[in-house]
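Student: If you scroll down you'll find the structure; I have some questions about it.
The values are calculated or read from the model by the stated rules, or taken from the named source; none is laboratory data. All values derive from a computational prediction rather than experimental measurement. Reconstructed Cβ throughout: ideal geometry from the backbone, glycine too, with neighbour counts over all protein chains shown. Surface areas here come from the heavy atoms of the whole protein model, side chains and all, with no ligands, DNA or RNA. Shrake-Rupley method; radii C 1.70, N 1.55, O 1.52, S 1.80 Å.
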Amino acid sequence: MKAKQVFFSVLLFGTAGLLLFMYLQAWIEEHHTGKIEKKRDQKGVSVTTGKIQKQITNQNSEVHMPEDLKKKGGDLLNLGSPTRVLRKNSHSQRENRAYRSTEAHQGAKIEVFQKPIQMDWPLVTQPLNKSLVQGNKWKKADATQEKRRSFLHEFCKKYGRVNDPKFNLFHIVSRIYVEDKHKILYCEVPKAGCSNWKRILMVLNGLASSAYNISHDTVHYGKHLKTLDSFDIKGVHMRLNTYTKAVFVRDPMERLVSAFRDKFEHPNSYYHPVFGKAIIKKYRPNASAEALNNGSGVKFKEFAYYLLDAHRPVGMDIHWERVSKLCYPCLINYDFVGKFETLGEDANYFLQLIGAPKELTFPNFKDRHSSDERTNAHVVRQYLKDLSTAERQLIYDFYHLDYLMFNYTTPHL
């Protein structure tokens, strides 16, 4: 054999060996990390998964539970960190900014880890300044607010490790909108009045004269409002410690059903092709070519399997992500806790607290699909009928922190 042939043979085998080594190293790291994450995530689960999984797999249903879910019941209860979804087109970037890339903050990120700012987690809750509240009509709302703040504070003091303070600072505050004039920080929880809250912030910012004249697209895609992660570390720290921090929440089951109805029961050029197609492909046996092609017609039962699957075919979304992972209530310590169930009273009381113009009141119109019945307890029961008791229990377990920290009544499963 000529020297040249020997040289190329050695080079070829060497390259192949290097590629094999890199593949094995990546495989080992991935599986090792996965096992660690799985063990950590399963520690807090109190449900007997064996019995529940047995009931689920014995169900006679049109919906297909993949074999890997049947075999690994515990994976259904994996409540670990949400999977990030890669967005490639401009519409998807506008539609969902839940887990944005932090590349824009690369310099700041390095600063966070190399020169960590002294953030005392959890942040201290400041007494509400009630000097701007006029009259006695807000006494009931004030008493309710104090109870909610106190309950959340006591819950977080008792279960203080429900949120991991090692998270990147910019990730923690990425859902918080800033209104500097009235010194407000509002954490956006989709399907809990967030569209109308953004309208209010735009009016307070002087960007609009009335909340009733702002379209849905302007609210969500106009980029008129700043989020807290757009500031430098000093700006984030100053605002967290001096501004009034508010979060508005909703019964988790109602919020979930509301999100499903909004995104999957109406034409949607983003959620159907991105989520619908993946859900139908994995959870519907013998799906038609049309359903696989356009992703329309997802059933609530299929959506539930997707939600509970530790190996989701597509990642999580802000519209059904848990509030504990959107707003970090046990780290931020919100000064005001509003609820969708008493949205009008809570929101207008908050506007009094921050000294909003007297003529500004919280809008009560339905942002989209106005002819549809609002998602309420009765509507939720109709959707839950499609699920077994065990499946409903698993959904409750998925949202159990939200139920507990905001003192929502456990649903009748």
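Student: With the requirement that a residue be over 19 Å from Gly338 (Cα atoms) and either outside any loop (DSSP other than H, G, I, E, B) or free of Cβ contacts under 8 Å to residues at least 24 places away in the same chain (or both), what does the stretch 169-179 give you?
Tutor: Going through the stretch 169-179, the residues over 19 Å from Gly338 (Cα atoms) turn out to be 169-172, 174.
Passing the criteria: Leu169, Phe170, His171, Ile172.
Student: What number of residues within the stretch 188-231 are closer than 25 Å to Ser258 by Cβ, part of a helix (DSSP H, G or I) and not hydroxyl-bearing (Ser, Thr, Tyr)?
Tutor: Final tally of qualifying residues: 15.
Student: Give the stretch 186-200 a look and list any residue that's basic (Lys, Arg) and over 13 Å from the mean Cα position of the chain (by Cα), or say none.
Tutor: Listed by number, the residues that qualify are Lys198, Arg199.
Student: Still on this structure: What's the number of the only condition in (1) within 30 Å of Ala356 (Cα to Cα); (2) polar (S, T, N, Q); (3) surrounded by 15 or more Cβ atoms within 10 Å (Cβ to Cβ) that Ser296 fails to meet?
Tutor: (1)
Student: Take the stretch 207-236 and flag every residue that is within 14 Å of Ile184 (Cα to Cα) and over 20 Å from the mean Cα position of the chain (by Cα). Before you say what the answer is, go through the steps one by one.
Tutor: Of all residues in the stretch 207-236, those within 14 Å of Ile184 (Cα to Cα) come to 225-228, 235-236.
Those that are within 14 Å of Ile184 (Cα to Cα) and over 20 Å from the mean Cα position of the chain (by Cα): Gly235, Val236.
Student: Return yes when Ala287 is part of a loop (DSSP other than H, G, I, E, B), without any contact (Cβ under 8 Å) to a residue 24 or more places away in the chain and not β-branched (Val, Ile, Thr) and no when it is not. Please lay out each step first, then the result.
Tutor: Values: part of a loop (DSSP other than H, G, I, E, B): yes; without any contact (Cβ under 8 Å) to a residue 24 or more places away in the chain: yes; not β-branched (Val, Ile, Thr): yes.
Yes; evaluated as a whole, the condition is true for this residue.
Student: Here's a check for you: in the stretch 345-364, which residue that is not aliphatic (A, V, I, L, M) and not in a helix (DSSP H, G or I) is most open to solvent (accessible area, probe 1.4 Å)? Let's see the steps before the verdict.
Tutor: The initial filter retains those residues of the stretch 345-364 that are not aliphatic (A, V, I, L, M), namely 345-346, 348-350, 352, 355, 357-359, 361-364.
From what's left, not in a helix (DSSP H, G or I): 355, 357-359, 361-364.
Values: Gly355: 35, Pro357: 59, Lys358: 164, Glu359: 149, Thr361: 69, Phe362: 18, Pro363: 2, Asn364: 124 Å².
Per the stated criteria, the residue is Lys358.
Student: Identify, from the list Asp229, Asp317, the residue that is open to solvent by less than 20 Å² (accessible area, probe 1.4 Å), over 22 Å from Leu384 (Cα atoms) and out of contact with any Leu (no Cβ under 7 Å at 6 or more places or on another chain).
Tutor: Numbers: Asp317 fails: over 22 Å from Leu384 (Cα atoms).
Just a single option satisfies the conditions, and that option is Asp229.
Student: Out of Asp180, Asp142, Asp164, report the one residue that is modelled with pLDDT of 95 or more, surrounded by fewer than 18 Cβ atoms within 10 Å (Cβ to Cβ) and not small (Gly, Ala, Ser). Let's see the steps before the verdict.
Tutor: On the way: Asp142 fails: modelled with pLDDT of 95 or more; Asp164 fails: modelled with pLDDT of 95 or more.
The match here is Asp180.
Student: Among the residues of the stretch 379-409, write down those that are open to solvent by 70 Å² or more (accessible area, probe 1.4 Å) and more than 20 Å from Lys299 (Cβ to Cβ).
Tutor: Leu404, Asn407, Thr409
Student: Out of the residues in the stretch 239-280 that are open to solvent by less than 10 Å² (accessible area, probe 1.4 Å), of a type in the set (Val, Ile, Thr) and not in a helix (DSSP H, G or I), which is farthest from Tyr396 (Cα to Cα)?
Tutor: Applying the filter and picking the extreme gives Val247.
Student: Identify the residue in the stretch 281-293 that is of a type in the set (D, E, K, R) and within 29 Å of the chain's Cα centre (by Cα) and, among all such residues, is surrounded by the fewest Cβ atoms within 10 Å (Cβ to Cβ). Lay out the reasoning, then the answer.
Tutor: Taking the stretch 281-293 first, the residues of a type in the set (D, E, K, R) are 281-282, 284, 290.
From the residues that got through so far, the ones that are within 29 Å of the chain's Cα centre (by Cα) too are 281-282, 284.
Values: Lys281: 14, Lys282: 20, Arg284: 20.
Applying the filter and picking the extreme gives Lys281.
Student: Go through (1) among the acidic types (Asp, Glu); (2) open to solvent by 20 Å² or more (accessible area, probe 1.4 Å); (3) in contact (Cβ under 8 Å) with a residue 60 or more places away in the chain one by one and return the number of the condition Glu188 breaks.
Tutor: (2)
Rundown of residues vs (1) under 30 Å from Ala304 (Cβ atoms); (2) modelled with pLDDT under 95; (3) in contact with a Leu (Cβ under 6 Å, 6 or more places away or on another chain), yes/no style:
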{"residue": "Asn213", "(1), (2), (3)": "no, yes, no"}
{"residue": "Tyr221", "(1), (2), (3)": "yes, yes, no"}
{"residue": "Asn241", "(1), (2), (3)": "no, yes, no"}
{"residue": "Arg250", "(1), (2), (3)": "yes, no, no"}
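Student: While we're on this one: So which residues in the stretch 374-407 are in contact with a Lys or Arg (Cβ under 9 Å, 6 or more places away or on another chain) and not in a helix (DSSP H, G or I)?
Tutor: Correct list: Arg374, Thr375, Asp386, Leu387, Tyr399, Phe406, Asn407.
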